[in-house]
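The values are calculated or read from the model by the stated rules, or taken from the named source; none is laboratory data. Values in this document were obtained by computation on a predicted structure and should not be read as measured data. Counting neighbours? That spans all protein chains shown, and the Cβs are built from the backbone with ideal geometry, glycine included.
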Amino acid sequence: NAGVTQTPKFRILKIGQSMTLQCAQDMNHNYMYWYRQDPGMGLKLIYYSVGAGITDKGEVPNGYNVSRSTTEDFPLRLELAAPSQTSVYFCASSYSTGVSYGYTFGSGTRLTVV
Amino acid sequence: RKEVEQDPGPFNVPEGATVAFNCTYSNSASQSFFWYRQDCRKEPKLLMSVYSSGNEDGRFTAQLNRASQYISLLIRDSKLSDSATYLCVVTAISNNDMRFGAGTRLTVKP
């Protein structure tokens with residue numbers, strides 16, 4: 001099983017550029033999440049989805065958008081990249097809520113905005 | 001006050017030592033608790049869930065004190081391979097929103 005697959009692994013963007021971070025899972029999980037992790041900080045939730053066609057904002061959604069057209073895919077869109085969006089982005093999925101199951105994370109995307 | 005607070009460390013211990021990490025959380029309505037392990041430049045991986053009665057998995061013991069809003073992780077007989085950052089994770093009011101501590105870094109030395 002591939003688990004949670006994120007692409008690309010690394011990316012450098014110029015200020016104002018756009019990009020989509022891809023996330024796919026093959027575990028038939030209904031819940032999917034996007035987090036960002038800044039150095040020395042905990043992971044912060046950007047957006048989450050409880051199923052295809054349903055998305056909702058997390059703690060730090062500004063500057064990002066998501067869609068969930070299928071159970072497997074949950075892409076994260078940055079429309080106008082800013083230096084403050086330099087971070088490591090993790091996608092995660094789970095069967096249910098966090099209760100007793102925990103999350104499976106992808107290997108991350110390291111994004112630098114210059 | 002941060003929602004989930006951990007001592008950032010680093011903790012530097014010799015092989016075979018016993019080491020304990022603590023974590024406090026601010027939301028008394030929190031429902032689920034976990035410890036994750038994160039190796040350098042890697043994704044977090046679930047180490048263990050934390051139950052009210054306390055639980056053990058090999059050399060690892062997790063405890064939860066709801067009254068004090070406090071979670072702990074004890075590692076016995078530390079191995080070099082235990083070197084990592086340990087993240088305390090707490091679910092907020094909605095179980096869709098897990099809050100992560102910044103992590104405690106552990107280095108086990110020969």
What number goes with the only condition from (1) more than 10 Å from the chain's Cα centre (by Cα); (2) without any contact (Cβ under 8 Å) to a residue 40 or more places away in the chain that residue B:39 does not pass? (2)
Which of the numbered conditions does residue A:29 fail, given that it passes all the others? Conditions: (1) assigned to a loop (DSSP other than H, G, I, E, B); (2) without any contact (Cβ under 8 Å) to a residue 40 or more places away in the chain. (2)
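Identify all residues within the range A:40-49 that are crowded, with 16+ Cβ neighbours inside 10 Å, of a type in the set (A, V, I, L, M, F, W, C) and within 7 Å of chain B (Cβ to nearest Cβ); write none if there are none.
Scanning the range A:40-49 gives A:43, A:45.
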Of the residues that sit in the range B:48-63 and are hydrophobic (A, V, I, L, M, F, W, C) and at pLDDT below 95, which one is nearest to residue A:32 (Cα to Cα)? B:48
Can you list the strands (runs of 3 or more DSSP E) found entirely within the range B:52-110 that contain at least 2 residues being at negative phi, within 14 Å of another protein chain (Cβ to nearest Cβ) and within 10 Å of the chain's Cα centre (by Cα)? B:84-91
I'd like to check something: does the range B:32-44 contain any residue that is away from every other protein chain (no Cβ under 11 Å) and of a type in the set (Phe, Trp, Tyr)? no
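Is there a residue being in contact with a Phe, Trp or Tyr (Cβ under 7 Å, 6 or more places away or on another chain), facing another protein chain (nearest Cβ under 10 Å) and of a type in the set (Phe, Trp, Tyr) anywhere in the range A:76-90?
If we filter the range A:76-90 for residues that are in contact with a Phe, Trp or Tyr (Cβ under 7 Å, 6 or more places away or on another chain), which is where we start, we get A:76-78, A:89-90.
Imposing the further condition that a residue be facing another protein chain (nearest Cβ under 10 Å) reduces the set to A:90.
Right, trim to of a type in the set (Phe, Trp, Tyr) and you get A:90.
Yes, the range A:76-90 has at least one match.
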So if I check each of A:40, A:16, which one is touching a residue at least 60 places away in the same chain (Cβ under 8 Å), in a loop (DSSP other than H, G, I, E, B) and more than 11 Å from the chain's Cα centre (by Cα)? A:16
Expected output for the range B:6-17 (first residue of a type in the set (S, T, N, Q), partner in a loop (DSSP other than H, G, I, E, B), Cβ below 9 Å, 6+ apart or cross-chain) is B:6/A:42; B:6/B:101; B:6/B:102; B:6/B:103
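Checking the structure you have, find out if any residue of the range A:61-68 is in contact (Cβ under 8 Å) with a residue 12 or more places away in the chain and within 13 Å of chain B (Cβ to nearest Cβ).
yes
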Of all residues in the range B:56-77, which are surrounded by 21 or more Cβ atoms within 10 Å (Cβ to Cβ) and either touching a Lys or Arg at 6+ places or on another chain (Cβ under 8 Å) or closer than 14 Å to residue B:26 by Cβ (or both)? B:71, B:75
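Please tell me if residue A:5 is away from chain B (no Cβ under 14 Å), over 16 Å from residue B:100 (Cα atoms) and assigned to a strand (DSSP E or B).
On the way: away from chain B (no Cβ under 14 Å): no; over 16 Å from residue B:100 (Cα atoms): yes; assigned to a strand (DSSP E or B): yes.
For residue A:5, the condition - away from chain B (no Cβ under 14 Å), over 16 Å from residue B:100 (Cα atoms) and assigned to a strand (DSSP E or B) - is not met.
Considering only the range A:43-65, state which residues are over 29 Å from residue B:7 (Cβ atoms) and assigned to a loop (DSSP other than H, G, I, E, B).
Filtering the range A:43-65 for residues over 29 Å from residue B:7 (Cβ atoms) gives A:47, A:49-57, A:61-65.
If the condition is that a residue be over 29 Å from residue B:7 (Cβ atoms) and assigned to a loop (DSSP other than H, G, I, E, B), then A:52, A:53, A:61, A:62, A:63 are the ones that fit.
Suppose the filter is within 30 Å of residue B:10 (Cα to Cα), touching a residue at least 12 places away in the same chain (Cβ under 8 Å), of a type outside the set (Phe, Trp, Tyr) and assigned to a strand (DSSP E or B); does residue A:22 pass it?
Values: within 30 Å of residue B:10 (Cα to Cα): no; touching a residue at least 12 places away in the same chain (Cβ under 8 Å): yes; of a type outside the set (Phe, Trp, Tyr): yes; assigned to a strand (DSSP E or B): yes.
For residue A:22, the condition - within 30 Å of residue B:10 (Cα to Cα), touching a residue at least 12 places away in the same chain (Cβ under 8 Å), of a type outside the set (Phe, Trp, Tyr) and assigned to a strand (DSSP E or B) - is not met.
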